[in-house]
Amino acid sequence: MKHIIYYKNLIAICALLVVGFGCKQDKNPLAPEGPNGRSVGSSARELLSDAVFNSIIVEIHYMPGMKPADGTVSSLKDFIANHVNKSGTINVVSSQIPSGGKSVYSIGDVNNIEKNYRTRFNEGNTVAVHFLFLDGAYEERNVLGIAYKNTSLCIFERTIQDNSGGLLQPSVAKLETTVVNHEFGHILGLVDVGSPMQTAHKDTQHGNHCNNSGCLMYYQVETTDFVANLANSPVPSLDMNCRGDLRANGGR
């Protein structure tokens with residue numbers, strides 16, 4: 001998946017008072033300094049270990065016709081449970097949102113949709129993650145999904161549906177699961193964006209991805225280039241190097 005580190009400028013709203021000036025600070029959790037507005041990988045240890053948060057909630061918003069398969073959601077919960085150390089619960093909640101009315105979405109569009117609809121944020125002992133399933137393609141050709149903030153991910157479900165379910169193509173659920181788990185791997189700090197490498201295995205030519213073509217975190221997994229490989233193969237898993245990175249950062 002496309003791994004994007006996204007920053008947003010903070011805007012202060014100041015009001016003139018009778019006896020001086022007062023400033024109202026932006027308390028938005030999605031602001032760059034907010035708990036859910038930081039860069040990809042910066043919450044890796046919070047997600048992996050039980051030290052700060054002992055539970056995880058995943059909030060999914062999907063546009064009409066873009067609801068992820070039940071098997072995809074079940075596989076995501078298994079993926080999280082298999083790689084994080086949480087003594088509490090791992091819950092997933094989902095709901096439909098209106099169409100964005102676009103065939104192509106920019107990173108700015110994605111961020112604005114999240115701001116408009118996200119309701120779950122880090123609170124108490126629970127760390128929150130947000131997924132969007134959109135009814136259009138990404139502005140960068142062939143991309144199936146992106147991790148763009150520390151707890152924010154986006155799946156371009158229209159592109160997934162267009163490349164699955166047909167002759168010589170993987171099922172929709174298999175392609176969804178592969179992409180969803182890959183993106184979640186990025187917010188867990190893979191590869192080397194929050195969960196430091198224990199052994200060198202980063203594909204330096206393709207960003208924060210694993211150099212093992214059989215690993216879930218291989219760069220092609222985030223694009224339509226991988227679809228043909230998946231048709232007759234199981235959903236890829238993390239290789240020993242990626243698993244070692246997560247364990248060293250508090251995971252299983």
Next on the checklist: Can you tell me which condition residue 2 does not meet? The list is (1) surrounded by fewer than 14 Cβ atoms within 10 Å (Cβ to Cβ); (2) at pLDDT below 95, and all the others hold.
Outcome noted: (1)
Checklist entry - Any residue in segment 105-125 that is exposed (fewer than 12 other Cβ atoms within 10 Å of the Cβ), in contact with a His (Cβ under 7 Å, 6 or more places away or on another chain) and either of a type in the set (S, T, N, Q) or in contact (Cβ under 8 Å) with a residue 60 or more places away in the chain (or both)? => result no
Item to check | Whichever residue in segment 39-74 is assigned to a loop (DSSP other than H, G, I, E, B) and among the hydroxyl-bearing types (Ser, Thr, Tyr) and, among such residues, is surrounded by the most Cβ atoms within 10 Å (Cβ to Cβ) | outcome: 43
Checklist outcome for this item: Note on segment 32-52: residues touching a Lys or Arg at 6+ places or on another chain (Cβ under 8 Å) and within 17 Å of residue 184 (Cα to Cα) are 36, 37, 38, 39, 40
Item to check | Unmet requirement for residue 142, which otherwise passes all of (1) on the phi > 0 side of the Ramachandran plot; (2) within 12 Å of the chain's Cα centre (by Cα) | outcome: (2)
Checklist entry - residue 91: closer than 19 Å to residue 186 by Cα and either surrounded by 17 or more Cβ atoms within 10 Å (Cβ to Cβ) or not hydrophobic (A, V, I, L, M, F, W, C) (or both), yes or no? => result no
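Table: residues versus (1) touching a residue at least 60 places away in the same chain (Cβ under 8 Å); (2) buried (at least 24 other Cβ atoms within 10 Å of the Cβ); (3) closer than 16 Å to residue 107 by Cα; (4) touching a Leu at 6+ places or on another chain (Cβ under 9 Å).
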{"position": "133", "(1), (2), (3), (4)": "yes, yes, yes, no"}
{"position": "152", "(1), (2), (3), (4)": "yes, yes, yes, yes"}
{"position": "157", "(1), (2), (3), (4)": "yes, yes, yes, yes"}
{"position": "162", "(1), (2), (3), (4)": "no, no, no, no"}
{"position": "167", "(1), (2), (3), (4)": "no, no, no, no"}
{"position": "185", "(1), (2), (3), (4)": "no, yes, no, yes"}
{"position": "195", "(1), (2), (3), (4)": "yes, yes, no, yes"}
{"position": "220", "(1), (2), (3), (4)": "no, no, no, no"}
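The values are calculated or read from the model by the stated rules, or taken from the named source; none is laboratory data. Keep in mind the model is a prediction, meaning the values are calculated, not measured. Note that each Cβ is placed from the backbone with ideal geometry, even for glycine, and that neighbours are counted across all protein chains shown.
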